Amino acid sequence: MTTVASILKNNGLYVGAARQGEKLVATMFPVNDEKVAKKKLISTIHDKNIEFRDDPACLSVSQKIFQILRGEKVEFNEPIEISHLPPFQKRVLEATKEIPWGTVTTYGKLAEKLGNRKAARAVGNALAANPLPLIIACHRVVKSNGEIGGFGGGSELKKKLLQNEGIKFQGDRIALTQ
């Protein structure tokens with residue numbers, strides 16, 4: 001199946017989205033270079049034959065990503081494709097997709113929800129390979145001590161996204177409410 005992708009530029013930043021058929025398969029964090037953006041999408045999908053063009057569906061998703069970066073609340077209703085991912089990662093991403101806007105949970109609580117409270121590190125690893133960041137809001141998962149933890153877009157972006165959703169911080173740690 002052909003993978004179609006689009007890269008959108010706004011204020012010197014590039015974001016992108018890719019789809020196979022009607023389903024989204026990849027999004028990306030903002031970068032400063034269009035070539036880097038294309039390489040990120042190619043490496044996420046593991047497909048060098050992506051057809052880059054101005055695709056309305058992909059451009060719409062990219063526009064929503066820029067809205068999120070500006071602090072706007074955005075709903076993603078587009079269908080996604082994650083069935084090709086390993087079963088554990090798929091379960092982690094499906095559970096993460098259910099975390100409501102403006103709330104956080106911890107890696108440990110997410111692991112416990114999935115049936116293995118000792119799998120917090122495995123949850124973090126699954127989220128690190130999230131092919132649809134911001135659509136599957138992995139930035140809403142933090143460490144149990146209130147530190148924000150890792151993030152593919154960098155810790156400053158993760159903190160900004162959480163603050164945009166109304167999450168309160170005490171220094172560099174969030175004030176956990178869940």
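Summed over the stretch 73-104, residues that are free of Cβ contacts under 8 Å to residues at least 12 places away in the same chain, out of contact with any Lys or Arg (no Cβ under 7 Å at 6 or more places or on another chain) and either within 16 Å of residue 140 (Cα to Cα) or surrounded by 14 or more Cβ atoms within 10 Å (Cβ to Cβ) (or both) total 4.
So that you can scan it fast, the table gives a plain yes or no per residue for (1) out of contact with any Pro (no Cβ under 8 Å at 6 or more places or on another chain); (2) within 30 Å of residue 5 (Cβ to Cβ); (3) among the basic types (Lys, Arg):
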residue: 69; (1), (2), (3): no, yes, no
residue: 85; (1), (2), (3): no, yes, no
residue: 90; (1), (2), (3): yes, yes, yes
residue: 129; (1), (2), (3): yes, yes, no
residue: 135; (1), (2), (3): yes, yes, no
residue: 138; (1), (2), (3): yes, yes, no
residue: 146; (1), (2), (3): yes, no, no
residue: 160; (1), (2), (3): yes, yes, yes
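Listed by first and then second residue, the pairs with beta-carbon distance under 6 Å, at least 6 apart or on different chains, first residue in the stretch 158-177 and without any contact (Cβ under 8 Å) to a residue 24 or more places away in the chain, second open to solvent by less than 30 Å² (accessible area, probe 1.4 Å) and outside any loop (DSSP other than H, G, I, E, B), are 158/139. Report yes if some residue within the stretch 42-61 is open to solvent by less than 20 Å² (accessible area, probe 1.4 Å), over 11 Å from residue 4 (Cα atoms) and not β-branched (Val, Ile, Thr); otherwise report no. No - not one qualifying residue is present in the stretch 42-61. Elements of the type helices (runs of 4 or more DSSP H) sitting completely within the stretch 1-117 and holding at least 2 residues that are β-branched (Val, Ile, Thr): these cover 34-45, 56-69, 87-97.
Residues checked against (1) farther than 29 Å from residue 37 by Cβ; (2) part of a helix (DSSP H, G or I); (3) at pLDDT below 95; (4) among the small types (Gly, Ala, Ser):
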site: 126; (1), (2), (3), (4): no, yes, no, yes
site: 153; (1), (2), (3), (4): no, no, yes, yes
site: 156; (1), (2), (3), (4): no, yes, yes, no
site: 176; (1), (2), (3), (4): yes, no, yes, no
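Conditions (1) hydroxyl-bearing (Ser, Thr, Tyr); (2) touching an Asp or Glu at 6+ places or on another chain (Cβ under 9 Å); (3) modelled with pLDDT of 95 or more, marked per residue:
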{"position": "37", "(1), (2), (3)": "no, no, yes"}
{"position": "40", "(1), (2), (3)": "no, no, no"}
{"position": "46", "(1), (2), (3)": "no, no, no"}
{"position": "71", "(1), (2), (3)": "no, yes, no"}
{"position": "80", "(1), (2), (3)": "no, no, yes"}
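The values are calculated or read from the model by the stated rules, or taken from the named source; none is laboratory data. None of these values were measured; they are calculated from a predicted model. Don't worry about glycine lacking a Cβ; one is built from the backbone with ideal geometry, like all the others, and counts go over all protein chains shown. Heavy atoms of the whole protein, side chains included, go into the accessibility calculation; ligands, DNA and RNA do not. Shrake-Rupley method; radii C 1.70, N 1.55, O 1.52, S 1.80 Å.
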